[in-house]
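What follows is a set of notes on a single structure, which appears directly below.
The values are calculated or read from the model by the stated rules, or taken from the named source; none is laboratory data. Not measured: the values here are computed from a predicted model. Counting neighbours? That spans all protein chains shown, and the Cβs are built from the backbone with ideal geometry, glycine included.
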Ligand SMILES: [Zn+2]
């Protein structure tokens with residue numbers, strides 16, 4: 001079932017230092033590591049610290065501690081917080097993101113518009129589906145005025161399709177599921193969707209493993225990449241969206257276990273085997289209680 005890219009696999013772990021990593025993150029990292037290592041691929045650690053207001057040194061340190069605890073190695077990326085801050089932070093690439101956004105706007109003038117809506121206005125005016133109602137779409141506000149966000153115009157009935165490695169053929173109705181989305185925030189920083197595409201392309205990533213909750217994000221990125229000059233290669237990325245986590249009894253893990261931001265998996269689990277077992281369950285593999293990472297790797301072979 002797993003049809004890997006024909007080129008050598010390049011993937012990434014992409015945590016955000018805005019909270020302690022939880023079980024869901026740990027499972028995603030382990031699954032990404034397993035699939036990439038089994039394919040003989042290259043693995044990057046790429047940390048998303050675009051939103052500096054939410055980043056904390058303790059969360060950054062927690063990323064490295066969690067990867068060490070899980071026993072996951074990677075081929076490229078920062079070895080620790082200091083090296084991350086010096087050489088890998090997205091703050092070093094703000095000019096690069098800005099250049100890409102300006103180039104996209106120059107190449108596709110009608111695709112973007114400036115939006116002055118405040119958080120409060122947005123909350124009041126949201127369409128029944130919670131989407132941006134297009135308040136500023138026809139106002140032609142100046143892009144370079146202060147305190148304006150940039151949105152991309154998602155045309156009516158836009159759908160995005162891709163062959164998912166785990167879920168089979170996927171189609172997302174982007175207009176209905178997302179609507180006109182922000183590509184540049186009011187502070188001038190790129191939105192996550194933009195930075196993520198540019199970073200993955202810069203690293204040569206061709207295989208992305210993420211949870212099903214990011215399907216809409218994937219659709220937005222695939223669609224947007226075609227309008228970002230030089231980034232169309234992103235549309236050849238292979239995606240694997242993994243499902244919900246089940247415990248040993250086949251029950252969905254409780255939300256508090258899955259999303260706890262308070263202490264994180266390092267504080268909650270006595271050993272990483274709980275993570276390995278969850279990964280084995282996702283892959284439909286047998287998992288003993290004492291399963292090690294080496295056993296998981298040995299047990300799993302791409303079909
Ligand atoms: Zn607006």
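For region 54-71, the criterion of being within 18 Å of the chain's Cα centre (by Cα) and at pLDDT below 95 is satisfied by at least one residue. Cβ-Cβ contacts under 6 Å between residues 6 or more apart (or on different chains), taken from a first residue in region 218-240 that is without any contact (Cβ under 8 Å) to a residue 12 or more places away in the chain to a second residue that is in a helix (DSSP H, G or I) and surrounded by fewer than 20 Cβ atoms within 10 Å (Cβ to Cβ), are listed as 226/232. Checking each residue in region 181-201 for being outside any strand (DSSP E or B) and free of Cβ contacts under 8 Å to residues at least 60 places away in the same chain picks out 185, 186, 187, 191, 193, 197, 201. Is at least one residue of region 41-52 in contact with a strand residue (DSSP E or B) (Cβ under 9 Å, 6 or more places away or on another chain) and assigned to a helix (DSSP H, G or I)? No, region 41-52 contains no residue that is in contact with a strand residue (DSSP E or B) (Cβ under 9 Å, 6 or more places away or on another chain) and assigned to a helix (DSSP H, G or I). Taking the criterion of being more than 8 Å from the ligand (Cβ to nearest atom) and within 26 Å of the chain's Cα centre (by Cα), the residues of region 115-133 that qualify are 118, 119, 123, 126, 127, 129, 130, 131, 133.
Would you mention how many residues in region 108-130 are in a helix (DSSP H, G or I) and surrounded by 12 or more Cβ atoms within 10 Å (Cβ to Cβ)? Outline the logic, then answer.
Taking region 108-130 first, the residues in a helix (DSSP H, G or I) are 109-111, 119-125.
When the remaining residues are screened for being surrounded by 12 or more Cβ atoms within 10 Å (Cβ to Cβ), the result is 111, 121-122, 125.
Residues that pass the stated criteria total 4.
Checked against the criterion of being within 8 Å of the ligand (Cβ to nearest atom), outside any loop (DSSP other than H, G, I, E, B) and under 24 Å from residue 228 (Cα atoms), region 135-142 has no qualifying residue. Quick one: count up the residues across region 144-166 that are modelled with pLDDT under 95 and within 13 Å of the ligand (Cβ to nearest atom). The number of residues fulfilling the criteria is 2.
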